[in-house]
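Structure first, then comments.
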Amino acid sequence: MQALLAFKQGLVDDENSLLSWGREAQNKDCCQWAGVYCNNQTGHVIKLDLGDQSLQGKISPKLIHLQHLEYLNLSFNNFSWSKIPDFIGSLSNLIYLDLSYANFGGQIPNQLGNLTHLQYLDLSFNGYSVIAPENSCTKPQLAL
């Protein structure tokens, strides 16, 4: 829960998409928060589906604590041409990563090549200076 709250703190949420995320008693179960999905048996957060929520700001490095995360969708948001954080490459259980149309810029981090379980990657329609990390093309199971 703390990783998610730190993630929220780094964002501007003018549309109140993350209003259900909070510390109040009725909002303590992060598995009930909008866009957050948990494994029914373990309670671990496995999916963050926050596409098209008009979110802005920066992605908190605290997100690295979501080590069971398999699905991350931040598409159609506005990250103000900031670089994709290197630490996303340490989310080793990611199968699905969609950062399309999210106003990322700079160089795509080589660390994304560490995502050995990744099956879907969409980084389209951003402002990258490099098309793809060298080692990402060695993943035959990856759907680009």
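Every number in this text was worked out from the coordinates using simple rules, so none of it is lab data. As the structure is a prediction and not an experimental result, all values here were calculated from the model. Note that we place each Cβ from the backbone using ideal geometry, even for glycine, and neighbour counts take in every protein chain shown.
General remarks:
- Taking 7 Å steps out from each Cα toward its Cβ at ASP52 and LYS28 produces label points 3.5 nm apart.
- Reciprocal of mean inverse Cα separation for the range 1-58 (Kirkwood radius, Å): 11.8 Å
- Couplings 3J(HN,Hα) for the range 68-85, derived from phi with the Karplus relation 6.51 cos²θ - 1.76 cosθ + 1.60 (θ = phi - 60°), are 9, 5, 10, 9, 9, 10, 10, 5, 6, 10, 10, 9, 6, 6, 6, 6, 4, x Hz, where x marks Gly and Pro.
- Most mobile listed residue (GLY106, GLY89, GLY51) in the chain, GNM with C-alpha springs under 10 Å: GLY106
- Normalised by 2.2 N^0.38 Å, with N the number of residues, the alpha-carbon radius of gyration of the chain equals 1.02.
- Separation in nanometres of the label points that stand 7 Å from Cα toward Cβ, at GLN107 and ASP13: 3.4 nm
- Between TYR128 and GLN2, the modelled label-to-label distance comes to 3.4 nm, taking each label 7 Å out from Cα in the direction of the beta carbon.
- Within straight-line reach of LYS8, meaning a Cα separation under 23 Å, sit the following lysines at least 8 residues removed in sequence or on another chain: LYS28, LYS47, LYS58, LYS62, LYS83.
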